[in-house]
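Everything on this sheet refers to the single structure shown next.
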Amino acid sequence: MALEKPYKDVPGTTIFDADMLRLGYHLNQFCMSLMKSENRDRFFADQKAYLDEWPMTEDQKQAILDRDYNRMISLGGNIYFLAKIFSSDGQSFQFAAATMTGMTQQQYAEMMINGGRSADGNRYIGEQE
Amino acid sequence: MARITAGVSTSHIPAVGAAIDLGKMEEDYWKPVFKGYEFSKDWMKRNTPDVVLLVYNDHASAFDLSFVPTFAIGCAGEFQPADEGWGPRKVPTVQGHPELASHIAQSVILDEFDLTVVNEMDVDHGLTVPMSLMFGQPDAWPCKVIPIAVNVVVYPPPTGNRCYQLGKALSRAVGSFDEDLNIQIWGTGGMSHQLQGPRAGLINKEFDAHFLDKLVSDPENLAQMPHVDYMREAGSEGVELVMWFVMRGALNAEVEQVHRFYHVPASNTAVGHLILENPDATP
């Protein structure tokens, strides 16, 4: 029997379950390596060369080089691990979240100040405008 | 005898830690957030415990994907603030209580809650931001802390009910420790928030208000809520709220709510905060 996934119909959301974990294991472990400042230095000295040290797919490496967080998530990245990338870039969680929604950080920050994205219309795939 | 006198729940947003560390607390954006904790800091001065059992989740800091403990208890003598990618927070080293932690681990494991024992780990914003909110910026933290880490990163986290029952086991464990200690239990994380994907920024004030109400008055029923309801209604990261049940389960059925605070937004997240006292546990 396949794993039960009752959350598959939540729109715009990827739940980091066992299947995503297997897909993204090395991508996420790469992110962990950025917690050490000497690794951050090596990464920023030559990003592609540092990524080539990890057994990731070329798609995963390209998504990292592009800082395409939605793509990284679709390839098994978990947001708390990906946070090591944007933190190393000197960016905030709010910056990263904005890029995933297709908004500017300013637009996103205003949405949050106005109470955030409503759950209404965003509970099930197919009901969004 | 050691006893649990009070529970605290609070969000543990990293941007709140950064606002404190960078001296932004008086800025218009942050002022309303910190105003909600003025009462709390004052209450804490009057009710400083000997030890806090601090329930939080590690955010890929101490635990990577090589092992994912569902529940873990920190039994070390001290815990260093983690480097989460921008250098460690400049906050004091967290002092543990190895004797009580080991006692709790033994007690709850024999009580059939199989906690992972961790003798060395760094602690990230999930643990240190609540401490900054409750204690301010002292040169040394005024009490000891036993970190209790809950997996909410890899699906599935433990259920709300499992967390609630663990809280009860922690209460039994504390009650059988001989030393006379005043102990608080904190549950952190939440409230509604989603940090990832096109639906990032989700906030659900109605859900949060209902959760705050029922956590105090009817936790046993609230604890039955399935994970998918948190994810759908309160955002994918809103599922962190299961950790608040560990706090609630460790308190009496009847508690006195001495403080409640709610504010949107702090960065991506709804801030929620409760202080609950055990009425018969005056130190």
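Just so you know, in the stretch A:1-51 the residues that are open to solvent by less than 30 Å² (accessible area, probe 1.4 Å), among the aromatic types (Phe, Trp, Tyr) and facing chain B (nearest Cβ under 10 Å) include one that is farthest from the chain's Cα centre (by Cα), and it is A:Tyr7.
Yes/no per residue for (1) touching a residue at least 12 places away in the same chain (Cβ under 8 Å); (2) buried (at least 23 other Cβ atoms within 10 Å of the Cβ); (3) not hydrophobic (A, V, I, L, M, F, W, C):
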position: B:Arg3; (1), (2), (3): yes, no, yes
position: B:Ile13; (1), (2), (3): yes, yes, no
position: B:Lys24; (1), (2), (3): no, no, yes
position: B:Gly36; (1), (2), (3): yes, no, yes
position: B:Arg46; (1), (2), (3): no, no, yes
position: B:Leu53; (1), (2), (3): yes, yes, no
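Every test in (1) surrounded by fewer than 24 Cβ atoms within 10 Å (Cβ to Cβ); (2) within 14 Å of chain A (Cβ to nearest Cβ); (3) of a type in the set (A, V, I, L, M) is passed by B:Ala200 save one, and that test is (1). Only residues that are open to solvent by less than 50 Å² (accessible area, probe 1.4 Å) and assigned to a loop (DSSP other than H, G, I, E, B) were counted across the stretch A:93-129, and they come to 5.
For the stretch B:210-224, filtering for residues that are farther than 18 Å from B:Phe261 by Cβ and either open to solvent by less than 80 Å² (accessible area, probe 1.4 Å) or free of Cβ contacts under 8 Å to residues at least 12 places away in the same chain (or both) leaves 5.
Condition check ((1) in contact with a Leu (Cβ under 7 Å, 6 or more places away or on another chain); (2) free of Cβ contacts under 8 Å to residues at least 24 places away in the same chain; (3) among the hydrophobic types (A, V, I, L, M, F, W, C)) across all residues:
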residue	(1), (2), (3)
B:Ala72	yes, no, yes
B:Asp83	no, no, no
B:Trp86	no, yes, yes
B:His97	no, no, no
B:Val117	no, no, yes
B:Gly126	no, no, no
B:Cys143	no, no, yes
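For B:Asn268, the conditions (1) in contact with a strand residue (DSSP E or B) (Cβ under 9 Å, 6 or more places away or on another chain); (2) modelled with pLDDT of 95 or more all hold with the exception of (2). Residues being under 19 Å from B:Met231 (Cβ atoms), more than 7 Å from every other protein chain (Cβ to nearest Cβ) and not polar (S, T, N, Q): count how many of those fall in the stretch A:94-125. Qualifying residue count for the region: 4. For B:Met134, the criteria (1) in contact with a strand residue (DSSP E or B) (Cβ under 6 Å, 6 or more places away or on another chain); (2) in contact (Cβ under 8 Å) with a residue 60 or more places away in the chain hold in every case but one, which is (1).
For the stretch B:115-162: of the residues being farther than 25 Å from B:Thr48 by Cβ and polar (S, T, N, Q), which is nearest to the chain's Cα centre (by Cα)? The extreme case among them is B:Asn151.
Within the stretch B:158-180, the residues that satisfy the criterion of being open to solvent by less than 10 Å² (accessible area, probe 1.4 Å) and touching a His at 6+ places or on another chain (Cβ under 9 Å) are B:Gly160, B:Ala173, B:Val174. Is it true that some residue in the stretch B:111-119 is away from every other protein chain (no Cβ under 14 Å), assigned to a strand (DSSP E or B) and surrounded by fewer than 19 Cβ atoms within 10 Å (Cβ to Cβ)? Yes, the stretch B:111-119 contains at least one residue that is away from every other protein chain (no Cβ under 14 Å), assigned to a strand (DSSP E or B) and surrounded by fewer than 19 Cβ atoms within 10 Å (Cβ to Cβ).
Out of curiosity, is B:Gln165 in a helix (DSSP H, G or I), of a type in the set (S, T, N, Q) and out of contact with any strand residue (DSSP E or B) (no Cβ under 8 Å at 6 or more places or on another chain)? Yes, satisfied. The requirement of being surrounded by fewer than 20 Cβ atoms within 10 Å (Cβ to Cβ) and in contact with a Pro (Cβ under 7 Å, 6 or more places away or on another chain) is satisfied by B:Val228.
Residues in the stretch A:73-92 that are open to solvent by 30 Å² or more (accessible area, probe 1.4 Å) and either among the basic types (Lys, Arg) or at the interface with another protein chain (Cβ under 8 Å from one of its Cβ atoms) (or both): A:Gly90, A:Ser92.
The values are calculated or read from the model by the stated rules, or taken from the named source; none is laboratory data. Note that the structure is predicted; figures quoted are calculated from it, not measured. All Cβ positions, glycine included, derive from the backbone under ideal geometry; neighbour counts span all protein chains shown. Ligands, DNA and RNA are stripped out before the accessible areas are found, and what is left, the full protein with its side chains, is counted by its heavy atoms. Shrake-Rupley method; radii C 1.70, N 1.55, O 1.52, S 1.80 Å.
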